[in-house]
Structures are given as C-alpha cells and as structure tokens.
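First up is the structure itself, then whatever we jot down about it.
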Amino acid sequence: MKKMIALWLPALLLLNLSGCKKDLVTSIESPSGEIKIEVFTLADGQAAYAVQYQGKMLVDTSGLAFEFRDDPPLINGLKITETTTRKFSETWEMPWGEQRFVDSHFNELKLAFAEKEGLKRKFDLVFRVYDDGLGFRFEFPEQENMGEVFITEERTEFNLTGDHKVWWTPGDWDISEHLYSTTRFSEIDALSKRNHPNLAQTHIPVNAVNTPVTMKTDDGVYLSFHEAALINYSSMTLAIDPEKLSMTTNLVGSWRDYKVEQKTPFNTPWRMIQIADRAGDLIESKLILNLNEPSKMEDTSWLKPLKYVGIWWEMHLDISTWAMAGGRHGATTDNALRYIDFAADNGIDALLIEGWNTGWEDWIGTANREGIYDFVTPYPDYDIEAVVNYGRARGVDIIMHHETSAAVTTYEQQLDTAYALIEHLGINAVKTGYVGTIIPEGEYHHNQFMVNHYQKVIETAARHKVAVNSHESAMASGLRRTWPNKFAMENIRGQEFNAWASDGGNPPEHLTIVPFTRMLAGPIDYTPGIFNIKLGPTKPDNQVNTTLAHQLALYVVLYSPIQMAADLPENYEGHPAFQFIKDVGVDWEQTRVLDGEIGEFVTIARQERETGNWFLGSVTNEDKRNITVRTDFLEPGFTYLARIYADAPDAHWFDNPTDYKIEEMEVTSQSSLNLLLAPGGGVAISFHKKN
Ligand code: NOJ
Ligand code: CA
C-alpha cells in the first residue's frame, strides 16, 4: 500500500520591511500549523532560521555557516535567489519495525542562497516541517567555484529560548557508552565525563553533547535534537554555550586538518528537531525515518526479526573466555550444541557465538591489533560447519560475530572473504564490534572515515543477504529505512556494563531515560533478560540494578528486531518468568506509548504482526509507583487472556530483585489494570486473544 501526493505550490516570498535585522523573510508551517519556521538573511547576509511552536518562539534566530580549509568561509554576503514550497503526503510500509505503516506528511520550503560577491557560491537550504518536528539540510549543487571541499566546521546554531531541563551524554567522538546526566542546559559539563575508567576509548574535546539530546521546557514542551541520514559526512556533536543557551554543531574530526571531505554535488545529513507536548510522542514519532530515503534493497523478504541467545554473557561474567588459550574457551562445539538445544527447546530463533575465531588472545590492550583476526579461521575446538548444520537441523540460526577490535583496515581487507563465508554457511545475521581506539590512529568511531566504513559494511552485508547488529559504531540516523539490513545498533551503555563496570553498573533510572533519548535514533541491542540479578557466584561485586520483572518489561520498552535473551540457559531453565521471553513478539503491527515521564517511568504497548497479540512493558526508576493501564488498545469485542508478570509487593532492585508474581485474568478493551512497580521495578504483560 502506497499513497503519494506531491504538489508544487507557487513560490511564497514575503518581504518583511519592519525588522532591520532581517531583510527577507520566508516562512513555512507544519500541516497542523503548530510549527512555524522562518528563514531569512541577517543584516550581514548570513543565512538564519527560527522555529515557533504554538505561536511561541522555540528556537530563536540561529545562524548557519560553513568553514573550509582551502576556501573562504561561507557565512556572510548571501542573498536568497529563489524559494519554492511543496506539500508531500504518503504512507509507506516498513519491512519490519515498531509498526507496519508510517505516515509522512510535510510541507517543504527550499531556498536557494548565493553569495552576492566573490566566489558567488550557492547552496539550497531545504526545510521539511512535519507535525512532530522538522528537518533541514544543505544541498550543494555542482558549481563553478565549488568542487572538492574540505569542511573544517559546519556552524549550524540552535539558539534555545530557556534554560531547559536536558538529558544528555557528553559529545564523545569515540563512544556512546556513557550514562545520561540530567541537568539544566546551563549546567551541562561534558568535560567532567572525560577519563571514565570503564570505556575502552573516549575522546571529549569540548563541552558538547552527543545526539539525540532531549530537553523539556518549563512550559512542558519536549524537544529532541539529532540528525537523519548520516552518509559520507561526520557525526554531529553539539557544542554548548551555557550563557547564550545556544548549541552549535561541532563535527567529529580526525588527524586531518579538516572534518569532512566532499565534492559537489552533495547534501549534508538532516539536522532534526522533534517537538512534542507529551514525552511519549517523541517515541511514537517516525520523523527520523521519514527524513531518510526509501529502501534501496529490492528483496527484503529474507529479513526476519529474531530472538537470540548467545555464548556471550558467560564471558562477561568471567565464567568462560573468548580466547582459547587458558583452557576456559566458551565457543566450543559442545557448548554451541548445548545452546542450540536450549534455543530449539524454547522456540528461540538464533544463537550468537562470540570468540569462535582465532585472535582473541591479542584482541584488547595490544597496540597493534591489525591482522589478529581473519574472520574465517575457527579455533580448533570449534567446528563451524558442524555447529551451523546442527543448528539448521534443530531450526536455530547462527549469528556470526565479527569483533574487529577497531582494526578497520584489516576488516575492510577481509570483508569479501568474511561475508562469502557467511553466505556459504547460509547465515543471515552478523554482530560487528569496534572495541578500542581506531586503527589507523587519529580516526574516531564517529568521524567521516568510520561513517563511510560502516556504510561499506552494510552494503557488503546487503549483497550477501546479511543483517547487521553493530556495536561501538556511529549513532543510528534512520538509515535502516534505506538499508533494512541495518537491524540494530548498540550506541548505548548496555547491559554488559552491569557485569563488570567499576562504577556500580547502570542505575535503575537508566532505562527510563533511554527510550526518550537514544531510542529515538533507532533499534537498540541492549541485551535484556538477566534473571540472575546478583550475578553470583562469579561477580559478587556487580549486579543488575533492576528487578527481574523490569528485565522482562524491557522486551517491550526497548525496541529491537534482534532481541537477546541474554542470561545463561541454566538461569532460564524451569523458570516460570521465562515464558514471557518465549512469548513476546519481535516485530510489531503497531506501538502505543501509553504514558511516561523522562527519567521516571515509561509504559509501552505493542501489537505483534503475525498474531495480533499485544504485549505491554512498563519500567520505573528508583521510585516505587502505582500505574493504571486502560487496555483500550485491545480490539473491541474480543476477550484476551492477560498474563501479568509483576514485582512482588516487597520487591526492590537491590534488596529483593527477583521476587515477582504471575497473575492471569481475562480482559477486554474496556478493562483497566492497577499495577504496582517496585523501586527499580517493572511489569510485563502478554495479551492473547481468546475468541
Ligand atoms: C563489546 C560488545 O559490546 C560486546 O557485546 C561484545 O561481547 C564484546 N565487545 C566483544 O566483542
Ligand atoms: Ca559495547
């Protein structure tokens, strides 16, 4: 199903003679009329814009500029030579996702800017305004005085209109595995996050934040800033000016004396602002996907969302090792067969096996990690063909693992052989990873060089019919629409930190912030489902800082088409709560964010595509709370069996994390459920249609 209306409207050009600051004003509104953008040139001829929401200024006059290594900056002396507007409306179908159909309605304003003197360079500035926010980007056409360019900085400003409450992580060029801080905008202090003891690499050059960065104004408006369609460009961090309440793009750099190398014609990524009255609307928004191009993959029928177990947590718990030397190797043939049996017996689709290939003896802490992996040579105690064949016989797919240890040149040299092996084995998912500082030295995980590398991997994988789940890569920017084999990404301080971080692990509030921040970028491989919360006996000093019911709720709260049951099989065997993990969907017809407040709690309901069954997850921070859920999302006229996995009355994330109760009852679309969430707790519910 695809409806599309594209209308070209006559150019709208209004002269504003009253303000001396602005000499030419052009504006465009969202379809609902609630968001209004004004674009103009300032007195010195700089391009600028402002955003109003419901008649109030939300982003005040903000300038736009570029600086180049070899050319004069593109800032002043500009004029608008042409403006065009367009209305667009379509509904498109996701091959997999949080929902099947996505509406995309926007009004577009395209302004042609040109320098009046000198090089007479030109660019188009394109704004797309939707009801849930906006995106804008620069489109540089082919032109006489602008060919190859070396951009030293893009200076796109976002001037805020208040000292908002902000949920932020530092503007790290190398990693997204920081906890969120909650402060007023003027109190953002990213530099205090340098030198974190548990990060394999980190580089925070200035007081900036990574995106998505989410804010709440004192008027109760929610805002989130990020970028869409990050292709052949550097990731954006936003430098903070605490006095001016202003953010300016600070692109991720490298050893080079420029940050982006491009050649006209080219477009920048979309600079995106989500705007909502309700926190949950940020999550329901599909703005980031609407700003990306439609799928370039013709056949997506082979892409199957899945649940998986892994020879993985046992290494993080130090029960076994990735390396074979030492005699505690996790990825042995026998162990793999044991996990396959467990998966097959419990309807789990796939098994990830880490540490299967030679090289892990040297993977970390070695300065020269180039060449340690070849991605095709298994350790002698791991018979890859036998494992894959056994899995096939038992209906369990194997997920390939490529830890590159950030030795990117080695990985690129091996790509064709590595993916040929995957295809030969009939595997169609891979987990990639980039632990450590990037080799070659002076590159960063989020810069243009690496953005291009990740893209190369995605396109190679697509050619071999492989879906990618990538760890330690640049933040998702909605490219999964264009490349639906881009399944999930980590880009977060994941569950693994609970196993070994020396700072106490992820606090209970973590996953009440993540849905409103990181999750706005796309699917997350958080790896939920730990039942042995206290991590005994191998990790007496660490623990998961949630209740068990909270872990169950994460299967609904955190969206991913590749969702892990992360704990050890022996911790699931015979455990009644495991039924929820077996039952829960991974591909959704629709999603409703029923309620939530950032950093406090969130309640999400999702309907499974194939079955029409519904699942609900709610998680809270350190605070105990009662929530009331009206089940009006259920189909009217039907009775559903609700199975509720709730915290026991005296459950607590630290004192009593594994105490829960399972209750069953019949409900309809008219029902209402009163639910108790323990401190650090949660609730998970499956709703199966009865008649
Ligand atoms: C870090 C990843 O996040 C983790 O999931 C993986 O087990 C290790 N690297 C080893 O590749
Ligand atoms: Ca990681």
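The values are calculated or read from the model by the stated rules, or taken from the named source; none is laboratory data. Remember, predicted model here, so these are calculated numbers, not experimental data. All Cβ positions, glycine included, derive from the backbone under ideal geometry; neighbour counts span all protein chains shown. Just the protein is used for accessible areas: all its heavy atoms, side chains included, with ligands, DNA and RNA removed. Shrake-Rupley method; radii C 1.70, N 1.55, O 1.52, S 1.80 Å.
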hull vol. (C-alpha, convex hull) per residue for segment 433-587, Å³ -> 137
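Using the per-residue mean of other Cβ atoms lying within 10 Å as a proxy for protection, in what order, highest first, do the peptides 371-382, 126-137 fall? Write down the numbers at each step before the final one.
Values: 371-382: 17.2, 126-137: 23.9.
The densest-packed peptide leads the list: 126-137, 371-382.
Between rounded, prolate and oblate, where does segment 3-290 land on the alpha carbon gyration tensor, with a ≥ b ≥ c its root eigenvalues, rounded for a/c under 1.5, else prolate if a/b exceeds b/c?
Numbers: a/c = 1.42, a/b = 1.13, b/c = 1.26.
Rounded, since a/c falls under 1.5.
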Could you order the peptides 194-200, 618-624, 448-454 from most to least packed, using the average number of other C-beta atoms within 10 Å per residue? 618-624, 448-454, 194-200
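Would you please give the FRET efficiency between M57 and E622, computed as 1/(1 + (r/R0)^6) with r the Cβ-Cβ distance and R0 = 51 Å, to the nearest 0.05? Show your work: numbers first, answer last.
Numbers: r = 36 Å, r/R0 = 0.70.
After rounding, the FRET efficiency stands at 0.90.
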Testing the spin-label approximation: label points 7 Å from Cα along Cα→Cβ at D44 and R338. State their distance in nm. 6.8
Dimensions of segment 303-412 along principal axes (Cα, Å, largest first)? 43, 33, 23
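Would you kindly state how much longer the chain becomes between E293 and T538 on full extension, computed as 0.36 nm times their sequence separation minus their alpha carbon distance, in nm to one decimal? Walk me through the intermediate numbers first.
Working: separation 245, 0.36 × 245 = 88.20 nm, distance 4.72 nm.
Residue separation times 0.36 nm, minus the Cα-Cα distance, leaves 83.5 nm.
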Using the alpha-carbon centroid of each, what span in Å lies between segment 458-484 and segment 359-408? 19
Would you mind estimating how fast the chain diffuses translationally, via Stokes-Einstein at 20 °C and 1.002 mPa s with the Kirkwood radius over Cα pairs, in µm²/s? 82
Using the Karplus curve 6.51 cos²θ - 1.76 cosθ + 1.60 with θ = phi - 60°, what ³J(HN,Hα) values do you get for each residue of segment 27-44, in whole Hz, with x for Gly and Pro? 9, 8, 10, 5, x, 7, x, 7, 9, 10, 10, 10, 10, 7, 10, 7, 4, 8
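Restricting to Cα atoms and excluding each atom paired with itself, what does the Kirkwood estimate give for segment 378-465 in Å?
14.2
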Can you list residues whose amide H is under 5 Å from K431's amide H, if they're 5+ apart or on another chain and H is modeled 1.01 Å from N? M400, H401, H402, N469
Take the alpha carbon atoms of segment 156-213, find their center, do the same for segment 546-587, and report the distance between the two centers in whole angstrom. 31
Stretch gain in nm, segment V435-F150, where the contour uses 0.36 nm per residue and the Cα spacing is subtracted: 99.7 nm
Prolate/oblate/rounded label for segment 306-582 (Cα gyration tensor, a/c 1.5): rounded
D163-T409 pseudo-label distance in nm [points 7 Å out on the Cα-to-Cβ vector]: 5.0
About the Cα centre of the chain, how large is the charge dipole given +1 on each Lys and Arg Cβ and -1 on each Asp and Glu Cβ? Please answer in debye to the nearest 20. 1480
I'd like the carbon and sulfur percentage of the solvent accessible area for segment 306-582, probe radius 1.4 Å, heavy atoms only, ligands and nucleic acids excluded. 51
Stokes-Einstein translational diffusion, segment 152-194 - Kirkwood Rh over all Cα pairs, 0.692 mPa s, 37 °C, in µm²/s: 274
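Within the chain, what percent of beta bridges assigned by DSSP are antiparallel, to the nearest 5?
Numbers: 148 of 172 bridges.
Roughly 85 percent of the DSSP beta bridges within the chain come out antiparallel.
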Part-to-part distance (alpha-carbon centres) for segment 615-635 and segment 318-351, which is given in Å: 35
Which of the lysines could a cross-linker bridge to K122, judged by Cα under 26 Å and excluding same-chain residues fewer than eight apart? K21, K22, K36, K79, K87, K110, K259, K263
If R0 is 56 Å, what FRET efficiency do you get for L676 and A112 from their C-beta distance, rounded to 0.05? 0.40
Lysines near K193 by alpha-carbon distance under 19 Å, same-chain residues fewer than 8 away left out - which ones? K165
Check which residues have an amide H placed less than 5 Å from I562's amide H, if you skip close sequence neighbours. L306
With θ set to phi - 60°, apply the Karplus curve 6.51 cos²θ - 1.76 cosθ + 1.60 along segment 530-547 and write out the HN-Hα couplings as whole Hz, x wherever there is a Gly or Pro. 7, 9, 7, 4, 7, 6, x, x, 7, 10, x, 9, 10, 6, 7, 8, 9, 7
So, R0 is 30 Å and r is the distance between the beta-carbons of D381 and A420; what FRET efficiency does that work out to, to 0.05? 0.80
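When the chain is fully extended, how far beyond the present Cα-Cα distance does K120 get from H575, taking 0.36 nm per residue of separation? Could the numbers behind the result be given before it?
Numbers: separation 455, 0.36 × 455 = 163.80 nm, distance 7.02 nm.
Once the chain is fully extended between K120 and H575, it gains 156.8 nm.
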Between N613 and residues 5 or more places away or on another chain, which pairs have amide H atoms under 5 Å apart, with H built 1.01 Å from N, and which residues are they? E608
Could you rank the peptides 269-276, 595-602 by their average count of other C-beta atoms within 10 Å per residue, with the highest value first? 269-276, 595-602
Please list, in order along segment 140-156, the HN-Hα scalar couplings obtained from phi with the Karplus expression 6.51 cos²θ - 1.76 cosθ + 1.60 (θ = phi - 60°), rounded to whole Hz, x for Gly and Pro. 9, x, 5, 7, 4, 9, 8, x, 6, 10, 10, 7, 8, 6, 9, 10, 9
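Give the accessible surface of segment 326-384 per residue, rounded to a whole number of Å², with probe radius 1.4 Å and ligands, DNA and RNA excluded.
On the way: 2310 Å² over 59 residues.
Ligands and nucleic acids excluded, the result is 39 Å² per residue.
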